[in-house]
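Here's the structure we're looking at; comments come further down.
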Number of protein chains: 2
Amino acid sequence: MPKSKNRKRSVPLVFADTHKSADQLYVGKFSVPDPFISFKKGRKWYAVLNQLEYARALKESAFDEVLPLEDWLKKATGCFPSGKVGYVEIIATLAQAFKFEAFKVASDFPAGIALGLIEKGLAVNVSEGSLFPEREIKSEKELQLIKEGNGCSAAGIRAAEQALKDSVIKKGKLYLEGKALTSERLREVIEIACLRKGSLSMDTIAAAGAQACDPHCAGHGPIRANELIIVDVFPRVSKSGYFGDMTRTFLKGTPSDDQSRLVSSVNKVQKEAIKAVKVGVKANSIHQHVMNRFISLGYETRRDKSGAVGFIHGTGHGLGLEVHEAPRVSIADNRLKENAVITIEPGLYYPEIGGCRIEDVVAVGKEKPIKLSSYHYNWVIA
Amino acid sequence: MPKSKNRKRSVPLVFADTHKSADQLYVGKFSVPDPFISFKKGRKWYAVLNQLEYARALKESAFDEVLPLEDWLKKATGCFPSGKVGYVEIIATLAQAFKFEAFKVASDFPAGIALGLIEKGLAVNVSEGSLFPEREIKSEKELQLIKEGNGCSAAGIRAAEQALKDSVIKKGKLYLEGKALTSERLREVIEIACLRKGSLSMDTIAAAGAQACDPHCAGHGPIRANELIIVDVFPRVSKSGYFGDMTRTFLKGTPSDDQSRLVSSVNKVQKEAIKAVKVGVKANSIHQHVMNRFISLGYETRRDKSGAVGFIHGTGHGLGLEVHEAPRVSIADNRLKENAVITIEPGLYYPEIGGCRIEDVVAVGKEKPIKLSSYHYNWVIA
């Protein structure tokens, strides 16, 4: 049994860089590209950083104390004179000096170090998910930062809409400034707009027609008139690390009746789902409502020869320092907590009609949702 | 002892998304934003993916077989009827079905899953670093992809140089199109240029004056005439996931003698270090050469009141699907292997003069280095 059951005296420990680990960014509030140690002893959070990061950490980070890695490497070499000295030995040396025997780590803490510490007789208690379940509940400051993220999303979507407005239709395809408007070009337009607002948009989705029916397909090739175009933009604000996440669906040209009905159904159900958000509501009741409403509107979810069609993903997910974090808004019956931040993003996907997804971000309020994203819902561009 | 010593029959196992795990991208060669299981049995690599990724994985990925997550979740629920069923139980169920008892994982494999598997009686052997030490040796295709990455770096550096050329000096500060040219604006110019070449540049450095003497400081505020500006651009090509990494140092205005000597010294030593790269050479001999040469040129490395000054970082690092990967070109005595790809980036940092770093990327050839980056070294912009 490698896990100790003694959680009381265990010291929170992180070993990660701040790009890969939202926990490390959450606690230190400054960006470090290479993995480093941080831990909490008493009320203080300590970081152990090399000379490249040391001065910047003192100036910019939220850590209470910054320890020089080089000094602790030297101490560890003294403690473990035979054999290789790496991060396991450095952490074990810190454990000796700071008098702790057990660590609490996130589920994605590196196994190499966890097993190394256990071999040295230290206990490692692994949390389920993040080391900070409290990350689910956002402070006023964090709500503001997520709003900023959605401001970046909106800038991206606005740029996409403008590109579609500026396009002309020739033989059924869109042309912008004389060249075919492709998903790739539309993504570039979106990502440049996000950059100009101080954020990086990765994996931006600008997918049209049948492509958009695969919700993780980024889209490729020329965009055609009269097909639904899903634009899903989830940029990370470079300064804060917080994400925005919004989706709108557009169409250049003239929609068919089926397309109009599809979009207006998603629009209606999304609004209803948002309205249902408040403290104490079970997440799965919102998801179930979305499923039921789609069925009552005649939209079945099923597997056919082209794969799954209909409403084929969850209604939403938590948003913060990660683009997917707690809580989920899906089949689990977790209750929504005050100031949790979630996306509400129902969608319908039928290759013969096209795909539509509409996504906004809300904070869970005591009595009602607090909208953190804002963009109009007009979707037909003549 | 949680680690089994029986490495022979252990099955390589990855659980990660492809943004955070270069190993997962290396094996599957397609992008998935959420963590998933992949493993090798016999000669086949398997991925276990949910319905959102399943069809795309069949079409786009390099996996030999794609298993539907939903099916294996159902099977796991059958195998473990009491208690929660998560990825540990799914992997244990796969282990039973595919008849394996031991796994080999990367050092950054999630501890939560590793310890869970050990509790279920499975053995977990943790590799040192990547699950694929062979990632250090690049194929011809990979060399090409890294060259593409450096093409993106060069586009970013070119855009920065153009912005500096287009700037005018007023009262000692730079102005571009009537507005102060700040580090932030210069970064934006660089990152847009990278985007247009199909890459995302994170943590771009455009730091001037004393700021540039902290090698991980991204730079902020107005850029002044006559100060050294370090531009370090390491974008990731969106399509392939491979990085470029180049640095040039510029100055707008008229350099001092000290600045000129500093830059020409770094330039000279960087060229010498590149020339020393070939198969079998010890990495630390190159690093030592750089240190010795700087000392012989009168540039001491020391700690003073403002922190460390001189040559305060390693000479280089491996580059590929991660911006820092094996091998290191620093104090360790690892020998350079054929077709390893490394950066050579000596630098000198003295706040009263400024900072200079010059970085190129080379592949290790049998007899000589093969340069994978290309950009001129003119640094004074009148």
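The values are calculated or read from the model by the stated rules, or taken from the named source; none is laboratory data. Computed from a predicted structure; not experimentally measured. Methodologically, a virtual Cβ is constructed for each residue, glycine included, from the backbone with ideal geometry; neighbour enumeration extends over all protein chains shown.
Here are the numbers:
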{"quantity": "Pick from region B:286-342, criterion without any contact (Cβ under 8 Å) to a residue 12 or more places away in the chain and part of a helix (DSSP H, G or I), ranking: farthest from the other protein chains (Cβ to nearest Cβ)", "calculated": "B:296"}
{"quantity": "Positions within region A:111-135 being part of a helix (DSSP H, G or I), among the charged types (D, E, K, R) and closer than 30 Å to residue A:243 by Cβ, in sequence order", "calculated": "A:134, A:135"}
{"quantity": "Total residues in region A:13-29, condition in contact with an Asp or Glu (Cβ under 7 Å, 6 or more places away or on another chain) and either assigned to a loop (DSSP other than H, G, I, E, B) or among the acidic types (Asp, Glu) (or both)", "calculated": "1"}
{"quantity": "Test: residue in region A:101-110 that is assigned to a helix (DSSP H, G or I), surrounded by 14 or more Cβ atoms within 10 Å (Cβ to Cβ) and not aliphatic (A, V, I, L, M)", "calculated": "no"}
{"quantity": "Which numbered condition residue A:165 fails, given (1) in contact (Cβ under 8 Å) with a residue 40 or more places away in the chain; (2) not in a helix (DSSP H, G or I)", "calculated": "(2)"}
{"quantity": "Leading residue by the ranking (nearest to residue A:289 (Cα to Cα)) among those in region A:343-363 that are out of contact with any Leu (no Cβ under 8 Å at 6 or more places or on another chain) and assigned to a loop (DSSP other than H, G, I, E, B)", "calculated": "A:346"}
{"quantity": "Pair list, Cβ < 8 Å and 6+ apart or interchain, from region A:102-127 residues that are closer than 15 Å to residue A:11 by Cβ and without any contact (Cβ under 8 Å) to a residue 24 or more places away in the chain to residues that are assigned to a helix (DSSP H, G or I) and of a type in the set (A, V, I, L, M, F, W, C)", "calculated": "A:114/B:111; A:114/B:114; A:114/B:115"}
{"quantity": "Residues of region A:69-84 satisfying the condition of being within 13 Å of another protein chain (Cβ to nearest Cβ) and crowded, with 20+ Cβ neighbours inside 10 Å", "calculated": "A:69"}
{"quantity": "Identity of the residue in region A:37-56, in contact with a Ser or Thr (Cβ under 9 Å, 6 or more places away or on another chain) and surrounded by fewer than 23 Cβ atoms within 10 Å (Cβ to Cβ), that ends up modelled with the lowest pLDDT", "calculated": "A:55"}
{"quantity": "Filter result for residue B:250 (within 25 Å of residue B:25 (Cα to Cα), assigned by TED's automatic domain parsing to the domain that holds residue B:353 and not polar (S, T, N, Q))", "calculated": "no"}
{"quantity": "Lone qualifier among A:146, A:169, A:157 - being in contact with a helix residue (DSSP H, G or I) (Cβ under 8 Å, 6 or more places away or on another chain) and not basic (Lys, Arg)", "calculated": "A:157"}
{"quantity": "One residue from A:217, A:152, A:194 being surrounded by 19 or more Cβ atoms within 10 Å (Cβ to Cβ), out of contact with any His (no Cβ under 9 Å at 6 or more places or on another chain) and in a loop (DSSP other than H, G, I, E, B)", "calculated": "A:217"}
{"quantity": "Qualifying residue in region A:273-283 (condition: within 20 Å of the chain's Cα centre (by Cα) and of a type in the set (Lys, Arg))", "calculated": "no"}
{"quantity": "Residue list for region A:202-214, restricted to those being assigned to a helix (DSSP H, G or I) and at negative phi", "calculated": "A:210, A:211, A:212, A:213"}
{"quantity": "Considering residues of region B:364-382 that are more than 21 Å from the chain's Cα centre (by Cα) and assigned to a strand (DSSP E or B) only, the residue surrounded by the most Cβ atoms within 10 Å (Cβ to Cβ)", "calculated": "B:381"}
{"quantity": "Residues satisfying the stated conditions in region B:96-111, i.e. in contact with a helix residue (DSSP H, G or I) (Cβ under 8 Å, 6 or more places away or on another chain) and either facing chain A (nearest Cβ under 7 Å) or within 19 Å of residue B:72 (Cα to Cα) (or both)", "calculated": "B:96, B:97, B:101, B:103, B:105, B:107, B:108, B:109, B:110, B:111"}
{"quantity": "Every residue from region A:262-280 that is touching a Lys or Arg at 6+ places or on another chain (Cβ under 7 Å), surrounded by fewer than 23 Cβ atoms within 10 Å (Cβ to Cβ) and among the β-branched types (Val, Ile, Thr)", "calculated": "A:279"}
{"quantity": "The one condition in (1) touching a helix residue (DSSP H, G or I) at 6+ places or on another chain (Cβ under 6 Å); (2) touching a residue at least 60 places away in the same chain (Cβ under 8 Å) that residue A:206 fails to fulfil", "calculated": "(2)"}
{"quantity": "Some residue of region B:203-220 being of a type in the set (Asp, Glu) and modelled with pLDDT under 95", "calculated": "yes"}
{"quantity": "Residue within region B:207-216 that is in contact with a Lys or Arg (Cβ under 7 Å, 6 or more places away or on another chain), assigned by TED's automatic domain parsing to the domain that holds residue B:312 and closer than 19 Å to residue A:196 by Cα present", "calculated": "no"}
{"quantity": "Test: residue in region B:100-111 that is at pLDDT below 95, more than 29 Å from residue B:377 (Cβ to Cβ), of a type outside the set (S, T, N, Q) and out of contact with any Asp or Glu (no Cβ under 6 Å at 6 or more places or on another chain)", "calculated": "yes"}
{"quantity": "Qualifying residue in region B:331-349 (condition: acidic (Asp, Glu) and at pLDDT 95 or above)", "calculated": "yes"}
{"quantity": "Test: residue in region B:117-136 that is touching a strand residue (DSSP E or B) at 6+ places or on another chain (Cβ under 6 Å) and either more than 14 Å from chain A (Cβ to nearest Cβ) or at positive phi (or both)", "calculated": "yes"}
{"quantity": "Scope region B:13-57; condition under 26 Å from residue A:351 (Cα atoms), within 19 Å of the chain's Cα centre (by Cα) and of a type in the set (S, T, N, Q); matching residues", "calculated": "B:31"}
{"quantity": "Positions within region A:244-283 being in contact with an Asp or Glu (Cβ under 7 Å, 6 or more places away or on another chain) and assigned to a strand (DSSP E or B), in sequence order", "calculated": "A:246, A:247, A:250, A:251, A:282"}
{"quantity": "Hey, residue A:199 on the phi < 0 side of the Ramachandran plot, of a type in the set (Ser, Thr, Tyr), within 11 Å of another protein chain (Cβ to nearest Cβ) and surrounded by fewer than 24 Cβ atoms within 10 Å (Cβ to Cβ) or not", "calculated": "no"}
{"quantity": "Residues within region A:244-273 that are of a type in the set (Ser, Thr, Tyr) and closer than 21 Å to residue A:156 by Cα, tallied", "calculated": "2"}
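Yes/no matrix, rows are residues, columns are (1) under 28 Å from the mean Cα position of the chain (by Cα); (2) among the β-branched types (Val, Ile, Thr):
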residue: B:168; (1), (2): no, yes
residue: B:174; (1), (2): no, no
residue: B:177; (1), (2): no, no
residue: B:189; (1), (2): yes, yes
residue: B:193; (1), (2): yes, no
residue: B:216; (1), (2): yes, no
residue: B:237; (1), (2): yes, yes
